[in-house]
């Protein structure tokens, strides 16, 4: 199985901050990397697919980059509604695997 | 607006079978990869597998011997059965829609999740 490692595991930030979350794969997943946002008790939400493609309806302050084994999710200017847990996921090969999550908290 | 809703027992006894159904509204079940994902308490999301609308399946090898998925296009539903459950199967179970674009599959709609506890 491909292991996905996110860093940091948790992060405190303020409204307006620029935030970057990283995701590293145990082997190359080329472009097959998605990002999700999850708030407790709600359905997870797709933010970005195939490394850098913004899902319809997702604000442009979210962006993704990377290739191979190293990827980043950037939020350019944090809003209150962005405080949540973020997961990367590889869909290069089954079993599809997720990172352990990065919990973004209000400072 | 596409919506997915999981349903099924919240409590299952050890060694018995966990059965969940996901009802899809707002779109046809045709053309997608209907997926189950779970999250044990304090742990990462785990992909259980998917069933294509035509009936083809792909299961996580770690669960393959215990998992069966099915789809009922007439009811716009798909289902998960996990047999011989143990405490380690206690988790929030999510259903999700997998969409493929240029060989990339992404899960664009999810249910809210249902907690299934395995306990006697």
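Values quoted throughout were computed directly from the atomic coordinates according to the rules given, and no laboratory measurement underlies them. The shown structure was predicted, so the numbers you read here are calculated from the model rather than taken from an experiment. Cβ coordinates were reconstructed from backbone atoms using ideal geometry, including for glycine residues, and neighbour counts include every protein chain displayed.
Sorting B:97, B:103 on the 10 Å Cβ count, fewest up front, what's the list?
Details: B:97 24, B:103 10.
In order of increasing Cβ crowding within 10 Å: B:103, B:97.
Within a 10 angstrom radius of each residue's Cβ in A:30-39, how many Cβ atoms of other chains show up on average? Whole number is fine. Intermediate results must be reported in sequence, preceding the final value.
On the way: counts 1, 3, 4, 2, 5, 1, 5, 0, 5, 0.
That works out to 3 on average.
Quantify how strongly other chains surround peptide B:41-50 by giving the mean number of their Cβ atoms within 10 Å of each of its Cβ atoms.
4
Would you mind getting the Kirkwood hydrodynamic radius of the range B:22-98 from its Cα pairs, rounded to one decimal in Å? All intermediate terms of the calculation are to be shown ahead of the outcome.
Working: mean 1/r = 0.0778 Å⁻¹.
Taking every pair of different Cα atoms in the range B:22-98, averaging 1/r and inverting gives 12.8 Å.
If we sort B:89-96, A:92-99 on the protection proxy, mean other Cβ atoms within 10 Å, highest first, what's the order? Don't skip to the answer; put the middle values down first.
Working: B:89-96: 22.4, A:92-99: 20.2.
Result, highest mean first: B:89-96, A:92-99.
At what distance in nm do the modelled label points of residue A:5 and residue A:26 sit from each other, each positioned 7 Å from its Cα along Cα→Cβ?
1.1 nm
Can you put A:2, B:51 in order, fewest other beta carbons within 10 Å first? Could the numbers behind the result be given before it?
On the way: A:2 18, B:51 24.
Exposure proxy ranking, most exposed first: A:2, B:51.
On the first, second and third principal axes, largest extent first, how far apart are the outermost C-alpha atoms of the range A:34-85 in Å?
Sorted largest first, the three principal extents are 32, 22, 20 Å.
Averaged across B:104-114, how many Cβ atoms of other chains sit within 10 Å of each residue's Cβ atom? Walk me through the numbers before you get to the answer.
Numbers: counts 11, 8, 13, 9, 6, 4, 7, 2, 4, 5, 0.
That average works out to 6.
Pairs of alpha-carbon atoms within less than 8 angstrom and 6+ residues apart define the contacts here; what relative contact order does chain B have, in percent?
Numbers: 294 pairs, mean separation 41.7, N = 120.
Taking the mean separation of contacting Cα pairs over the length of chain B, I get 35 percent.
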